[in-house]
Amino acid sequence: MHRRQFLLGAAALASPAPLLAQGAPNVGANRLVLLGNKGGPSIRAYAPSPSCSLLVWNGVPYVIDVGYGVTFKLVESGFPLPALRYAFITHHHSDHNLEAASLPYNAWAVGLKTPVDVYGPKGVEALVERGLAAQKFDIDTRMTDEGRPDLRKLVVAHAYDEGEVMRNGEVVVTALRNKHPPIVDSFALKFSLGGKTIVFSGDTTYFPPLADFAKGADYLVHEVAYGPALEALAQRNPNAATILDHLKASHTMAEDVGRIAKAAGCKTLVLNHFVPGDDKNLTDEKWTAAVRTQFDGPVIVGRDLLSIAL
């Protein structure tokens with residue numbers, strides 16, 4: 001696997017620490033939290049927020065995607081920000097990466113003193129470095145006035161490609177390149193948790209290889225689009241024709257999500273990253289009915305701050 005590592009500061013960390021530092025805040029029980037569930041970057045209300053999730057396993061937190069609002073949703077879910085440890089970006093659309101630097105900063109502002117590793121496709125190094133560089137004056141000032149550690153020496157950005165992304169004791173994270181044109185470096189992520197398997201589709205059109213990647217997963221967290229509602233969504237945009245073509249080429253219709261879940265034999269399908277994400281006519285029953293044309297297993301329709309025990 002090709003991997004580049006970039007440290008924001010002078011000192012390098014040889015590898016991610018296997019556990020949180022002694023005395024770190026308690027992050028609670030093993031769980032999957034759907035912090036935000038909306039597809040796309042437009043902000044029209046506090047909820048639903050852009051897609052982001054939290055995994056907690058054996059006291060270690062893993063944040064998946066860091067679009068706008070992830071900090072607020074973590075706080076609202078009861079997560080102690082100074083316990084932030086790992087963040088993963090599936091691809092470089094703003095609704096998945098806008099807080100790549102500001103989430104660690106916000107954690108630092110309330111007491112973070114321990115390392116944070118941010119994993120993403122190539123370009124993640126510059127994204128994090130420049131985001132923190134934009135706050136140079138503030139960081140330097142607070143280090144002097146408030147005695148804080150240098151945040152730039154705590155945050156480590158790692159670029160990943162297909163294959164193994166990281167290994168932390170019994171936790172192994174692997175990536176599969178999915179299909180989300182025009183973005184080439186877009187990935188699904190699989191978290192093998194020593195007995196549990198959680199797969200996040202990332203943003204993707206119908207992509208049959210994902211079924212093999214998610215084979216037998218305890219939870220398949222898959223993006224979903226509702227075809228009949230896309231026309232109305234596109235008409236709300238000034239570039240309707242262009243946005244409609246993008247949505248149809250880059251996201252998975254609900255029926256095809258069902259096909260992936262069936263082929264994967266996943267134990268539970270979790271719907272998230274809804275496209276459209278704020279159409280009040282799209283009830284849980286409509287989403288479920290569309291998926292059930294192909295998949296008859298358990299289906300969870302995501303909502304912001306929904307917590308699932310693992």
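Every residue, every condition in (1) in contact (Cβ under 8 Å) with a residue 12 or more places away in the chain; (2) surrounded by 23 or more Cβ atoms within 10 Å (Cβ to Cβ), yes or no:
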position	(1), (2)
GLY202	yes, yes
ARG236	no, no
ALA254	yes, yes
ARG259	yes, no
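Which of the residues spanning the range 179-192 are surrounded by fewer than 18 Cβ atoms within 10 Å (Cβ to Cβ) and under 27 Å from ASN58 (Cα atoms)? The answer is SER192, and nothing else.
Any idea which residue in the range 143-178 is nearest to the chain's Cα centre (by Cα), counting only those that are closer than 17 Å to VAL60 by Cβ and of a type in the set (D, E, K, R)? This residue is ARG167. For the range 262-278, the condition of being surrounded by 15 or more Cβ atoms within 10 Å (Cβ to Cβ), free of Cβ contacts under 8 Å to residues at least 24 places away in the same chain and of a type outside the set (A, V, I, L, M) holds for none of the residues. For first residues located in the range 52-73 and closer than 19 Å to ALA188 by Cβ, partners that are basic (Lys, Arg) and surrounded by 23 or more Cβ atoms within 10 Å (Cβ to Cβ) and lie 6+ apart or on another chain with Cβ distances below 8 Å form the pairs CYS52/LYS73; TYR62/ARG85.
With the condition being polar (S, T, N, Q), I'd like the helices (runs of 4 or more DSSP H) fully within the range 215-302 carrying at least 2 qualifying residues. Lay out the reasoning, then the answer.
Details: elements: 227-235, 240-250, 254-264, 284-291.
Qualifying helices (runs of 4 or more DSSP H): 240-250.
When we screen GLY163, GLY195 for residues that are exposed (fewer than 15 other Cβ atoms within 10 Å of the Cβ) and touching a strand residue (DSSP E or B) at 6+ places or on another chain (Cβ under 8 Å), the only hit is GLY163. Within the range 175-188, residues that are farther than 15 Å from VAL221 by Cβ and touching a residue at least 24 places away in the same chain (Cβ under 8 Å) sit with their Cβ atoms under 8 Å from residues that are surrounded by fewer than 24 Cβ atoms within 10 Å (Cβ to Cβ) and hydrophobic (A, V, I, L, M, F, W, C), at 6+ positions apart or across chains, in these pairs: LYS179/PHE207; PRO181/ALA249. The condition of being closer than 17 Å to LEU34 by Cα and buried (at least 16 other Cβ atoms within 10 Å of the Cβ) holds for GLY302.
Scan the range 109-128 and report the pairs whose first residue is closer than 7 Å to ALA159 by Cα and of a type in the set (A, V, I, L, M) and whose second residue is part of a loop (DSSP other than H, G, I, E, B) and at pLDDT 95 or above, with Cβ atoms within less than 9 Å and a gap of 6+ or a chain change. Pairs that qualify, where the first residue is closer than 7 Å to ALA159 by Cα and of a type in the set (A, V, I, L, M) and the partner is part of a loop (DSSP other than H, G, I, E, B) and at pLDDT 95 or above, are VAL124/ILE89; VAL124/HIS92; VAL124/ALA100; VAL124/TYR160. The one condition from (1) on the phi < 0 side of the Ramachandran plot; (2) part of a loop (DSSP other than H, G, I, E, B); (3) surrounded by fewer than 24 Cβ atoms within 10 Å (Cβ to Cβ) that LEU112 does not meet is (3).
Within the range 205-231, the set of residues being farther than 15 Å from VAL270 by Cα and of a type in the set (Val, Ile, Thr) comprises THR205 only.
Within the range 66-93, work out how many residues are outside any loop (DSSP other than H, G, I, E, B), more than 9 Å from the chain's Cα centre (by Cα) and not aromatic (Phe, Trp, Tyr). So that I can check it myself, show each step before the final result.
Filtering the range 66-93 down to residues outside any loop (DSSP other than H, G, I, E, B) leaves 70-76, 81-83, 86-88.
If we keep only those that are more than 9 Å from the chain's Cα centre (by Cα) as well, we get 70-76, 81-83, 86.
Now drop any that are not not aromatic (Phe, Trp, Tyr), which leaves 70-71, 73-76, 81-83.
So the answer is 9.
Only one of SER77, SER15, SER53, SER42 is surrounded by fewer than 19 Cβ atoms within 10 Å (Cβ to Cβ), among the hydroxyl-bearing types (Ser, Thr, Tyr) and at pLDDT 95 or above; which?
Working: SER15 fails: at pLDDT 95 or above; SER53 fails: surrounded by fewer than 19 Cβ atoms within 10 Å (Cβ to Cβ); SER42 fails: at pLDDT 95 or above.
The match here is SER77.
Among the listed residues ALA290, ALA240, identify the single one that is more than 15 Å from GLY39 (Cα to Cα), of a type in the set (A, V, I, L, M), more than 21 Å from the chain's Cα centre (by Cα) and at pLDDT below 95. Just a single option satisfies the conditions, and that option is ALA240.
The values are calculated or read from the model by the stated rules, or taken from the named source; none is laboratory data. Keep in mind it's a predicted model, so treat the numbers as computed, not measured. Neighbour counts run over all protein chains shown; Cβ positions are idealised from the backbone, glycine included.
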